[in-house]
Amino acid sequence: MTPPTGPELALPDGFLMGASTAAHQVEGNNVASDMWALEHGPEGIVEEPSGDAADSFHRWPEDMDLLSELGFNAYRFGIEWARVEPEPGRISQAALAHYRAMVRGAVERGLTPVVTLHHFSSPRWFSERGGWREPDAPDLFAAYTRTALEAVGTDGGHVATINEPNMMALMYTLRRLAAERGRSAMDSGRQDGGAAFDAATVEPDARVTDVLIEAHRRSAAILGDAGLRAGWTVANQVYQAEPGAEEIAAACARPREDVFLEAARDDDWIGVQAYTRHRIGADGPLPVPEGAETTLTGWEVYPEALAEAVLHTSGIVGPRVPVIVTENGIATGDDARRIAYTRQALSGLARVMEQGVDVRGYFHWSALDNYEWGSYRPTFGLIGVDRATFARTPKPSARWLGALARSGRIPGPSAPARTVGTAAR
Ligand code: BGC
């Protein structure tokens, strides 16, 4: 099933091989956040609230021990704004100390920390006052960034300002449409592939897009002044044009992806997050091809998405900005499929690296089975988590990927890079 790969690619010195998590999805009891409010409020969610999540708020040392023992040299995790600033202007010194300990704890274990300041969840007060629609949101995010410096330090580390701003701007549109239609915003749920499909049919909110870009710029400047390497992590939908639909695919990618990548041209790095593709025909987005294998989120299993996303991204940000793959993975209950998918994705990555794209890291999504924004059912983790005891069990994929990380090699290229769809522009 997996195409043969060529000789392995030796990774450049300093290449980051790790796994990612997001605060809300693993910490648990993120009660001051808007996501918690959403999960328990009238808008409701389709399956279940986040609850204790993976209890990583308390068990982060164990998570980091495992990642380091498995062979990884890096860990991407989040700082939760709602914990740092649970009420406007009230800073929790305890939360800052907690995250400072995490950053130090990672370094002590040989894991280079890549810290995300904002990963979908915001303080509840921030969203209730209008969230990313408000013109002063960048001021508030800048203040939070300055505060967060106390946790992330100033040691030249990588910091992501905002995760998937493009998906967030899209969520604002989805929530507005849902309110108009009188149903839950999350009914378009990620579990049935809905949000992925919506990503090609619904446009991100234009005002939110502008505010997010401004917030990113302000935050990145503060991080840069502090000697940190700032970037943001953008969802790549890999829009593939069917013959004759090139212009439609390009028009699709522009507001949903490219404007966010263009905003990264002065950054220190750009995060690529890719899972699957979206085929675009003359009449717009096409469904997953008949008979194609799909994941627990309903997405087409398409590991080539990673190479195509990296090419597309570097084509827009330009060669000056190095790429870090900050998310790539598969929701599956069959861990052998995770290994097969990841092997092929890495082989594609090796190919584009050999073609000269400056890629500095690969972070698998996710380190742990976690809360997939509405449900625990889609399991993305390299490490399984018992929902009752929180016991961690590394899966074979964790050992396989960790061994690759330790060896400093990834599966080699198997085929020439595909240059169709938006990747060709
Ligand atoms: C997000 C993660 C999410 C993953 C899988 C990305 O959109 O950054 O939070 O769990 O994809 O859906």
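Table for the structure above
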{"quantity": "Listing of strands (runs of 3 or more DSSP E) fully contained in segment 266-371 that carry 3 or more residues being within 16 Å of the ligand (Cβ to nearest atom) and either closer than 17 Å to VAL234 by Cα or out of contact with any Gly (no Cβ under 9 Å at 6 or more places or on another chain) (or both)", "calculated": "270-274, 323-327, 359-365"}
{"quantity": "Qualifying residue in segment 363-374 (condition: at pLDDT 95 or above, closer than 18 Å to GLY412 by Cα and under 19 Å from the mean Cα position of the chain (by Cα))", "calculated": "yes"}
{"quantity": "Residue in segment 156-167 that is out of contact with any strand residue (DSSP E or B) (no Cβ under 8 Å at 6 or more places or on another chain), in contact (Cβ under 8 Å) with a residue 24 or more places away in the chain and over 23 Å from ALA37 (Cβ atoms) present", "calculated": "no"}
{"quantity": "Matching residues in segment 128-150 - criterion: being exposed (fewer than 15 other Cβ atoms within 10 Å of the Cβ) and of a type outside the set (D, E, K, R)", "calculated": "GLY130, PRO135"}
{"quantity": "Residues within segment 80-102 that are assigned to a helix (DSSP H, G or I), open to solvent by 10 Å² or more (accessible area, probe 1.4 Å) and touching a Ser or Thr at 6+ places or on another chain (Cβ under 9 Å), tallied", "calculated": "2"}
{"quantity": "Any hit, segment 5-17, residues being under 28 Å from ALA143 (Cα atoms) and either open to solvent by less than 20 Å² (accessible area, probe 1.4 Å) or within 16 Å of the ligand (Cβ to nearest atom) (or both)", "calculated": "no"}
{"quantity": "Among residues of segment 103-123, those that are assigned to a helix (DSSP H, G or I) and either surrounded by fewer than 24 Cβ atoms within 10 Å (Cβ to Cβ) or within 16 Å of the ligand (Cβ to nearest atom) (or both), counted", "calculated": "5"}
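This table checks each residue for (1) in contact with a Cys (Cβ under 9 Å, 6 or more places away or on another chain); (2) at pLDDT 95 or above; (3) within 16 Å of the ligand (Cβ to nearest atom).
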| position | (1), (2), (3) |
| --- | --- |
| ALA160 | no, yes, yes |
| LEU177 | no, no, no |
| GLY194 | no, no, yes |
| ASP198 | no, no, yes |
| ARG218 | no, yes, no |
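The values are calculated or read from the model by the stated rules, or taken from the named source; none is laboratory data. Nothing here was measured: the structure is a model prediction, and the numbers come from that model. Note that each Cβ is placed from the backbone with ideal geometry, even for glycine, and that neighbours are counted across all protein chains shown. In case anyone asks, the SASA skips ligands and DNA or RNA and just uses the protein heavy atoms, side chains included. Shrake-Rupley method; radii C 1.70, N 1.55, O 1.52, S 1.80 Å.
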